[in-house]
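K.L.:
First the structure, which I've put down as structure tokens, then a few questions once you've had a look.
Values in this text are rule-based calculations from the coordinates and carry no lab data. All figures in this text were calculated on a predicted structure; none of them were measured in a lab. FYI the Cβ positions are ideal-geometry reconstructions off the backbone, even for glycines, and counts take in every protein chain you see.
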Amino acid sequence: MTGEEFEPKILGFFCNWCSYAGADLAGVSRLKYPANLRIVRVMCSGRVEPTMVLKAFACGADGVLVAGCHPGDCHYQQGNYKTLRRVPLLERTLAQFGIHPARFRLAWISANEGQKLVQVVTEMVDEIKKLGPFPGTRSRFPELGAAAPGPAERPAAAPVPGERGAAAPAATVAAGGEAHD
Amino acid sequence: MARIGVYVCHCGTNIAATVDVAAVRDFAAALPGVVVARDYQYMCSDPGQDLIRKDIAEMGLDRVVVASCSPRMHEPTFRRALESAGLNGYLLEMANIREHVSWVTTDVPAATRKAKALVAGAVRRVALHQPLEERYADVTPQALVVGGGIAGIEAALKIADGGFRVHLVEKEPSIGGQMAKLDKTFPTLDCSACILTPKMVAVAQHPNIVLHTYSEVERVDGFVGNFRVTIRHKARSVDMQKCTGCGTCWSKCPYTAPNEFDEGLGKRKLIYIPFPQAVPNKPVIDRERCVKFQSGKCGACQKLCPTGAIDFNQQDELVEENFGAIIVATGYSLFDPGRGPWGYGRYPNVLTALQFERMVNASGPTGGHVQLQDGSTPRAVAILHCIGSRDTNYHEYCSNVCCMYSLKLAHLVKEKTGAEVYNFYIDIRAFGKAYEEFYNRVQNEGVYFIRGKGAEVGSRDGRLVVRCEDTLLGKYREIPVDMVILSPAMEPRPDAARISQVFGIQRSADGFFLEAHAKLEPLKTATDGVFIAGACQGPKDIPYSVAQGAGAAAEVLRLLSAGRVTISPVVAQVADEICSGCRACLPICPYHALTYDEGVKVVLVNEALCKGCGTCVAACPSGALSVSHFRTPQVLAQIEEVLAV
């Protein structure tokens with residue numbers, strides 16, 4: 001890192017009914033959280049395609065947060081259950097891309113949980129600051145373009161969810177690999 | 001190339017104090033497709049909207065981005081502005097730079113950068129927007145009110161008087177709710193039953209009201225204007241058509257059980273009406289306890305019933321009805337003080353406020369006599385405020401009504417017994433009309449007020465002792481009394497979680513139902529066409545509950561008399577040349593809006609059923625499904641630009 005502190009970009013996919021409203025409530029209540037989160041509104045967390053998450057990483061996100069209604073509270077009855085079932089598959093895919101598990105998170109944030117949003121964003125920002133910039137970003141590797149994520153952060157064959165900072169950079173990691181280790 | 005106008009709002013200083021609005025404007029002006037970028041004090045004001053209209057007319061804008069507050073706030077406002085200038089309302093995109101930026105950030109450069117990112121995303125996205133037409137659906141001219149307490153009764157009567165049919169569902173055998181248990185009401189000391197029972201009778205007699213007592217809503221399908229609701233009529237074991245309510249059965253039933261209506265103080269029979277003024281005035285058999293159901297013996301009620309109305313084989317019955325709108329007014333429960341150190345359940349002369357209401361009521365278990373367990377009259381009575389409320393061990397919130405009902409009970413004790421009365425309080429919150437005056441009156445009647453929460457109730461020499469820290473004296477005190485009345489908090493009903501899921505209502509952190517907007521939409525919920533009223537939303541007194549019931553009725557009448565509702569044009573579509581007919585999407589849709597056409601071997605969308613969540617789109621392996629206004633290219637473009645800054 002050069003002089004300036006690394007400020008990660010976190011892209012949030014927020015469902016309109018609970019989590020987007022929760023983020024609005026955080027604002028109305030004047031709660032403060034790091035300015036690193038950029039929210040894209042979807043009607044339901046179930047709308048979030050894996051492609052969208054990968055696209056975010058490809059376009060320079062250092063982290064992605066999918067937020068929806070709590071299980072049982074979905075505005076569309078069961079959309080968030082579909083999200084819940086898709087996410088483990090997506091996490092495995094992300095691991096195969098060499099993306100550190102701390103960079104992706106699914107959170108249930110209801111319309112009155114402004115405080116929870118603050119907590120989730122703060123934790124994510126802290127964790128990702130420790131990891132450093134996502135190495136495969138367009139901003140760091142303009143020549144890669146949007147479609148091709150950069151080299152792996154960790155060996156693809158050994159995803160260990162929940163592990164923090166234990167991922168040794170793979171031999172293929174370029175100069176911009178994991179900063180924490 | 002799109003011709004986009006970008007409007008950055010200052011919102012007074014709400015945005016402009018944290019976001020460099022001019023910098024965002026200049027940044028936007030340089031984005032591809034942007035023809036004009038302006039900033040303005042209040043975009044939602046008439047002159048602000050005029051800016052947009054004028055630019056559409058004069059500069060030929062075909063897309064608009066407004067960077068201001070949440071779209072949940074003003075998207076309808078700006079859509080209307082576009083439409084009044086002849087542009088389709090869906091050619092608008094909002095960048096939420098207030099709730100999501102200026103209000104949650106203190107760092108000006110970071111906030112400005114984030115605002116630019118959101119604006120960039122909105123500009124890229126809006127270029128891909130397509131005009132969409134809103135659709136309309138007819139409204140079933142019939143309403144459902146769930147909960148037969150005072151809020152639900154008021155709502156049902158108002159809607160019925162307005163000329164629409166109402167179904168009122170109550171899970172207990174009679175309507176009336178908690179208010180029916182009260183003796184007097186503060187601050188006027190009106191007899192509760194005297195003002196409630198005429199309304200209960202009006203419900204029973206109203207030609208527009210269909211009453212479902214001893215019933216629960218099992219399932220709700222559909223959406224605003226057209227809900228399909230399944231109601232379970234629990235088996236009463238009494239044929240409502242044949243029963244005349246003569247009372248032979250409950251006078252002859254040889255067995256008794258604790259009376260729930262008297263809060264367990266008195267006894268009732270196993271075939272019973274909850275209270276003398278019950279509506280309907282027809283009994284129900286307590287199957288859990290009835291000897292006939294438990295051992296097959298007895299059957300006295302059946303033998304003696306003059307009309308042959310007793311039916312031991314009656315089954316639960318499921319009824320389906322269609323409704324245009326729903327009001328949920330399911331009320332509250334009382335906090336169980338047995339959880340705390342106040343001797344409840346341990347000492348027989350420690351009562352809850354509701355138990356005392358029953359005791360002091362002329363039709364209650366003691367015929368209105370205030371008495372101790374041994375039948376004697378108490379000489380000193382303590383009333384403990386804030387039991388379970390304003391207490392981080394239990395509920396943090398103030399339960400709102402306890403101060404006032406405690407004052408009322410103090411008055412009643414004084415009036416009926418002349419006993420010494422001690423109120424243990426933290427603060428007295430006499431917030432309503434004529435409430436403070438009532439507080440003064442009770443003080444003048446000689447009731448003692450000790451500023452300190454009743455911390456513990458113990459016993460000494462056969463009397464009860466209330467221990468507290470008197471915060472005005474700065475001293476620890478022990479006050480001996482004969483009777484303790486606890487004023488427990490109102491809390492969400494134990495089935496609030498189930499009800500919230502059945503009706504699609506969100507709940508706030510305290511477990512009460514959540515309104516759509518804390519200030520401006522107190523009766524709406526996140527589900528269109530489902531309204532809330534009364535204490536299911538939070539602790540309330542009777543006038544407030546009545547006002548909410550009437551208000552919710554106005555919301556329902558508005559929907560029913562309009563006769564049609566607008567339906568969002570955000571729905572799924574299938575590109576049938578791409579659809580492979582794999583049917584992976586079919587089980588995903590909770591609304592059964594997707595069907596497989598065996599003839600052409602593709603999936604079809606029923607737009608009338610589709611709610612536009614887009615969950616099926618994310619599941620389609622071939623990319624044949626899409627959802628309007630949230631098309632994959634639109635979202636991907638937004639992602640790209642939001643991250644580019």
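K.L.:
Give me the mean projected area, in nm² to one decimal, of the convex hull enclosing the Cα positions of segment B:453-515.
P.N.:
Value for segment B:453-515: 6.9 nm².
K.L.:
Using a basic spin-label model with each label point 7 Å from the Cα along Cα→Cβ, how many nm lie between residue B:577 and residue B:431?
P.N.:
In this crude label model, residue B:577 to residue B:431 measures out at 6.3 nm.
K.L.:
For the protein assembly as shown, what is the Kirkwood hydrodynamic radius in Å, using each pair of distinct C-alpha atoms?
P.N.:
30.2
K.L.:
OK, next. Give the peptides B:448-459, B:362-373, A:32-43 in descending order of average Cβ contacts within 10 Å, highest first.
P.N.:
A:32-43, B:448-459, B:362-373
K.L.:
Let me ask another. Once label points are set 7 Å from the Cα along Cα→Cβ at both residue B:304 and residue B:84, what is their separation, rounded to one decimal in nm?
P.N.:
Going by the 7 Å Cα→Cβ label model, 7.3 nm.
K.L.:
With a bin width of 10 angstrom, please list the P(r) values of segment B:1-58 as percents of all Cα-Cα pairs, from the 0 bin to the one holding the largest distance.
P.N.:
Whole-percent P(r) values from 0 Å outward: 25, 51, 24, 1.
K.L.:
I'd like the distance separating the alpha-carbon centroids of segment B:611-641 and segment B:488-559, in whole Å.
P.N.:
Using only Cα atoms to place each centre, the spacing works out to 34 Å.
K.L.:
Rounded to the nearest 5, what % of the DSSP beta bridges within the protein assembly as shown are antiparallel ones?
P.N.:
45
K.L.:
If you average over every viewing direction, what projected area does the convex hull of the Cα atoms of chain B give, in nm²?
P.N.:
Computed as one quarter of the Cα hull surface, the answer is 36.6 nm².
K.L.:
For peptide A:70-81, what's the mean number of Cβ atoms from other chains within 10 Å of each residue's Cβ?
P.N.:
5
K.L.:
Quote the FRET efficiency, to the nearest 0.05, computed for residue B:45 versus residue B:521 with a Förster distance R0 of 25 Å and r equal to the Cβ-Cβ distance.
P.N.:
Here the calculated transfer efficiency is 0.70.
K.L.:
Another one. Would you please give the FRET efficiency between residue B:221 and residue B:161, computed as 1/(1 + (r/R0)^6) with r the Cβ-Cβ distance and R0 = 45 Å, to the nearest 0.05?
P.N.:
Calculated transfer efficiency: 0.95.
K.L.:
Mind checking which aspartates and glutamates have their Cα closer than 17 Å to the Cα of residue B:116? Skip sequence neighbours fewer than 8 apart in that chain.
P.N.:
Excluding near neighbours in sequence, the set is A:7, B:20, B:26, B:39, B:93, B:99, B:107, B:640, B:641.
K.L.:
Here's a follow-up. Sequence neighbours fewer than 8 away in the same chain don't count; with that in mind, list the aspartates and glutamates whose C-alpha is under 14 Å from residue B:408.
P.N.:
Output for residue B:408: B:183, B:190, B:357, B:436, B:437, B:445, B:541.
K.L.:
Once you keep just the Cα pairs under 8 angstrom separated by 6 or more residues, what percentage relative contact order results for segment B:248-304?
P.N.:
Relative contact order of segment B:248-304: 35 percent.
K.L.:
So how much slack lies between residue B:134 and residue B:205, counting 0.36 nm per residue of separation and subtracting their Cα-Cα distance, in nm?
P.N.:
The residue B:134-residue B:205 span can extend by a further 21.5 nm.
K.L.:
Follow-up. Just the Cα atoms of segment B:572-628: what Rg and Dmax do they give in Å?
P.N.:
9.8, 27
K.L.:
Which pairs in the list A:82/B:611; B:242/B:282; B:252/B:292; B:199/B:267 are over 20 Å apart, alpha-carbon to alpha-carbon?
P.N.:
The pairs that break the limit, which is 20 Å between Cα atoms, are B:199/B:267.
K.L.:
Hey, got the average number of other protein chain Cβ atoms within 10 angstrom for residues in B:514-520?
P.N.:
Other-chain Cβ atoms within 10 Å of each residue's Cβ, averaged: 2.
K.L.:
Another question, then. Taking each residue of A:32-38 in turn, how many C-beta atoms of other protein chains fall within 10 Å of its C-beta, and what is the average?
P.N.:
6
K.L.:
For the ranges B:503-509, B:570-576, what's the packing order if you count other beta-carbon atoms within 10 Å of each residue, average per peptide, and put the highest first?
P.N.:
Ranking, from highest mean packing down: B:503-509, B:570-576.
K.L.:
Note down the nm distance, to one decimal, between modelled labels 7 Å out along Cα→Cβ at residue B:376 and at residue B:339.
P.N.:
3.5
K.L.:
Take each of the peptides B:148-154, B:95-101, average the number of other beta-carbon atoms within 10 Å over its residues, and list them starting from the highest.
P.N.:
Averaged packing, sorted descending, gives the order B:148-154, B:95-101.
K.L.:
Need the C-alpha centroid separation for segment A:72-100 versus segment B:27-76, integer Å.
P.N.:
Segment A:72-100 and segment B:27-76 have Cα centres separated by 36 Å.
K.L.:
Kindly give the semi-axes, whole Å and largest first, of the ellipsoid equivalent to segment B:248-304, taking each as the square root of 5 times a Cα gyration tensor eigenvalue.
P.N.:
Taking √(5λ) for each eigenvalue gives 19, 14, 9 Å, largest first.
K.L.:
Let me ask something else about it. If you take the Cα Rg of segment A:10-144 and divide it by 2.2 N^0.38 Å, with N the number of residues, what do you get?
P.N.:
Cα-based Rg divided by the globular estimate yields 1.01.
K.L.:
Then there's this: Students often forget the sequence filter, so: which aspartates and glutamates lie under 13 Å Cα-Cα from residue B:269 once same-chain residues fewer than 8 apart are removed?
P.N.:
B:260, B:286, B:288
K.L.:
Now for a different question. What is the calculated FRET efficiency for residue A:96 to residue B:314, with r their C-beta to C-beta distance and R₀ = 60 Å, to the nearest 0.05?
P.N.:
About 0.50, to the nearest 0.05.
K.L.:
Okay, next question. Cα axis of helix B:192-205 to longest principal axis of chain B: angle in degrees, 0 to 90, nearest 10?
P.N.:
Roughly 60 degrees between the two axes.
K.L.:
Report the semi-axes of the equivalent ellipsoid for segment B:196-251 in whole Å, largest first, where each axis is √(5λ) for an eigenvalue λ of the Cα gyration tensor.
P.N.:
Over the Cα atoms of segment B:196-251, the ellipsoid semi-axes are 28, 17, 9 Å.
K.L.:
Shifting gears a bit: Looking at segment B:335-489, what % of the alpha carbon pairs are farther apart than 19 Å?
P.N.:
In whole percent, the share of Cα-Cα pairs in segment B:335-489 beyond 19 Å is 50.
K.L.:
Between segment B:236-303 and segment B:180-200, what is the separation of their alpha carbon centroids in Å?
P.N.:
25
K.L.:
Using the Cα atoms of segment B:1-144 to build a convex hull, what is its mean projected area in square nanometres?
P.N.:
For the Cα atoms of segment B:1-144, the hull's average projected area reads 10.1 nm².
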